[in-house]
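J.: Let me give you the structure first, and then I'll get to my questions.
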Amino acid sequence: MSEDSARRLNVLGGAIILGDGAPLGGAGAHRHRIALLTLLARHQLPVSRDKLIAFLWPERDTEAARNLLKVAVHGLRKVLGEDAIRSVGDQLALDLALVSCDVADFDRAIAAKDLATAASLYGGVFLDGFFLKEAPEFDQWVETERTQLAATYARVIEQLASDADARGDAHEAARWYRVLAAHDPLRADVAMRLMRALAATGDSQSAIRHATVFATLRESAELDVEPSVAQLAHELSTAPTPAPRAASYDEAPVATAATSERRAKRLPWMGIGASLAIAVIVVVGAARARTASSRAAATKINSNAVAIFPFRVSGADPSLAYLGDGMAELLAAEFTGDGGPSALDPATVARAVGREGDSTANRELTMALGRRLGAGRVLTGSVVGTPQRMTVNATLLDAESGELLASAMLVAGSADSLPKIIGAVAAKLLSRDAGTWRLSAKDPGTTSTDALRSFIDGRAQYRAGRADDAFRSFAHALDLDSTFVLAAYWLTVNAKIQRPLSETTARRAYELAWSARSRLGADRRELLEAMLGAKGPGVSQSYADFLRAIERTSVNQPTSPEAWILLGDLYFHRGSLAGYPDWAARARAAFERGVSLDTLLGAVSHLASLAYRDHDMKTHARWLAQLERIGPEHSLTLREQYAAAIVGSNADGVRTARERWVRTGDAYRDSYDGFPWAVGIMPSSELDSLIATLTQLARTDEERRRAI
């Protein structure tokens, strides 16, 4: 193929396929086909069809997506030539000898250290203005590539400028620094290098003007103004103007009396310009400082906190839907906080996403939500495919700067190999120094896929307020793998917040969680030790010690909903007996803090009970409405409906509400504590009716014993 008739893919600064020097229309202009060619050109090695489908048609079922890929390849071969795209088993590869590509040429120039050629090949932002509908994985990959290519280009320009500086070629250095400043206008070190290079050519006015422009740009981007730039502008305004340096030492011009006179006439104007520039910088800096201060006061961002967003799940098979929250749960266990990042509670993140609407396909919105949660890092990802063949993608970003801490990682496998997939994603993050990993990089605490699935189910049930179902799921996970410490930990939390279904199962979880606590992160270890006591589950601790430990944990972990809910529970059930006259106010404050972090049904129920106790039925109705939204038929919701009926309904309404609640079985456990929510409200006649109903509807000896 002659050079004139060669096909070329240009993706730097846009997206276009050229043939005979002109843009190709028809099949060559189809967006999915350009995207397909770009993926092949950028990888430069054969790419599996499954991986291409995961990027380009994630919403389609496997058969339909494979057919679309087949049609796209056929259309491109008609335009580019049959040999342009080669089949290598179940993989596809682009022959770059037949179809050249600017980004591939750019890579080759970099490898050959031909920096000038590389700079000339970078025509602009990778796939600028190009997007695909319903292809978030492709869009995320594009963002990653854009960032990496732009950073490489910046290093090329910076090296060219530095080389010119080293040769003493001020004009050439200034030229390259101008290019670099246009590419990355917010870098203070680049601004100062450009200013020095301009001053070295004798153009201090332009150098000082650039300081003003730089300050304005930083303010527009809500970034702090660098005082070093203002200081350099001041130095240049007061320093004698140097003779301009020529492009080479061999041709350095000699300053004449006329040029000296012209410079002298120009100096007063330069002084005014410098003063104005410095004034602008000072004013802008002060405004920016106030903005930064108010924003910091609103949200304290922990640079080590990671917000792991629910994974997007695409594909025709709904059986993978559990991995949306499940992947976040499992990966959160890997960020432990021991010398590295610590994950926010995934349920807290999921609730925030639910309130804001799904923002995970939009990088800027994801970062903004991460910052609002106080996280310095955000991790997003997706699962595409079927249980037999799925692909997991994960990306870690700096929530403030948008810097890629770990670029898009693709791991393929089947649902049966889920532990291996989690381990592979963890290992890839580890290889990029993205975090400290306490659990084995080979698996997420278990090698049993069934145990993982049961654990994920338990976490979903726990968040939905179905504590008994969650207890069963966590216990089942432990039955499947008796070393699964993550399941033991959450079963312990579940049992401590709500009385366990089985004390024997709970004790087994306590023992495992305690013995394997070194595999948990620092935050979870602290909460575990507070719940079980400093000496472990075999040694009883007093209420006072328990309360102090939970209070301390709440202070140390202000974003832990479990710590606040446990604290509220302690005040609610035992505060009065422990001598706290303000136990109700303490419990209310703790529960409200917990609910603000994660709307767990148990905490909302306690807040409703406190309102009922205070005869505040307006507030009770508000919390009851929230309970009905979370779990309309849950025992806690039915209990509060019963409470509301006592205050406002007729006898038939009270009887119906009472029986509905008792039939859930939860009333028998509540009777163990003497119905604390009803103290001061429930008439003695209704208490007699409740005990009679408990006795009448009891199904087991244990329920009959508790009814008495």
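J.: Collect the residues in segment 598-634 that are modelled with pLDDT under 85 and polar (S, T, N, Q), keeping them in residue-number order.
T.: Once the filter is applied, which keeps residues that are modelled with pLDDT under 85 and polar (S, T, N, Q), segment 598-634 yields only Thr599.
J.: Within the group Arg639, Arg552, which residue is more than 18 Å from Asp345 (Cα to Cα), of a type in the set (Lys, Arg), modelled with pLDDT of 90 or more and in a helix (DSSP H, G or I)?
T.: Selected residue: Arg552, the only one of Arg639, Arg552 that is more than 18 Å from Asp345 (Cα to Cα), of a type in the set (Lys, Arg), modelled with pLDDT of 90 or more and in a helix (DSSP H, G or I).
J.: While we're here: Taking into account only those residues within segment 1-43 that are part of a loop (DSSP other than H, G, I, E, B) and modelled with pLDDT of 85 or more, which is surrounded by the most Cβ atoms within 10 Å (Cβ to Cβ)?
T.: Val11
J.: When segment 386-405 is examined, which residues are found to be among the β-branched types (Val, Ile, Thr) and either open to solvent by 10 Å² or more (accessible area, probe 1.4 Å) or in contact with a Lys or Arg (Cβ under 8 Å, 6 or more places away or on another chain) (or both)?
T.: Answer for segment 386-405, where residues must be among the β-branched types (Val, Ile, Thr) and either open to solvent by 10 Å² or more (accessible area, probe 1.4 Å) or in contact with a Lys or Arg (Cβ under 8 Å, 6 or more places away or on another chain) (or both): Thr386, Thr391.
J.: Go through (1) in contact with a helix residue (DSSP H, G or I) (Cβ under 8 Å, 6 or more places away or on another chain); (2) surrounded by fewer than 15 Cβ atoms within 10 Å (Cβ to Cβ) one by one and return the number of the condition Glu145 breaks.
T.: Evaluating Glu145 over (1) in contact with a helix residue (DSSP H, G or I) (Cβ under 8 Å, 6 or more places away or on another chain); (2) surrounded by fewer than 15 Cβ atoms within 10 Å (Cβ to Cβ) leaves (2) as the failure.
J.: Going by the structure shown, is Gly648 at pLDDT below 85 and over 26 Å from Ala692 (Cα atoms)?
T.: Against the criterion (at pLDDT below 85 and over 26 Å from Ala692 (Cα atoms)), Gly648 does not qualify.
J.: Residue by residue through segment 602-628, note down the ones that are within 23 Å of Arg466 (Cβ to Cβ) and among the basic types (Lys, Arg).
T.: Across segment 602-628, the qualifying residue is only Arg622.
J.: Now, a different point. Can you pull out the helices (runs of 4 or more DSSP H) entirely within segment 469-541 that have at least 2 residues that are open to solvent by 70 Å² or more (accessible area, probe 1.4 Å) and out of contact with any Asp or Glu (no Cβ under 8 Å at 6 or more places or on another chain)?
T.: Filter on segment 469-541 gives 503-515.
J.: When the residues of segment 183-210 are filtered to those that are on the phi < 0 side of the Ramachandran plot and outside any helix (DSSP H, G or I), which remaining residue is least open to solvent (accessible area, probe 1.4 Å)?
T.: Taking the candidates together, the pick is Thr201.
J.: Please verify whether Val383 is at pLDDT 80 or above, of a type in the set (Val, Ile, Thr), surrounded by 18 or more Cβ atoms within 10 Å (Cβ to Cβ) and under 12 Å from the mean Cα position of the chain (by Cα), treating the condition exactly as stated.
T.: Answer is no for this residue.
J.: Take Gln557 and tell me if it is among the polar types (S, T, N, Q) and either buried (at least 20 other Cβ atoms within 10 Å of the Cβ) or touching a strand residue (DSSP E or B) at 6+ places or on another chain (Cβ under 8 Å) (or both).
T.: Yes, satisfied.
The values are calculated or read from the model by the stated rules, or taken from the named source; none is laboratory data. Keep in mind the model is a prediction, meaning the values are calculated, not measured. When we count neighbours, we look across all protein chains shown, and the Cβ atoms used for this are built from the backbone with ideal geometry, even at glycine. Heads up: the accessible areas ignore ligands, DNA and RNA and are worked out on the full protein's heavy atoms, side chains in. Shrake-Rupley method; radii C 1.70, N 1.55, O 1.52, S 1.80 Å.
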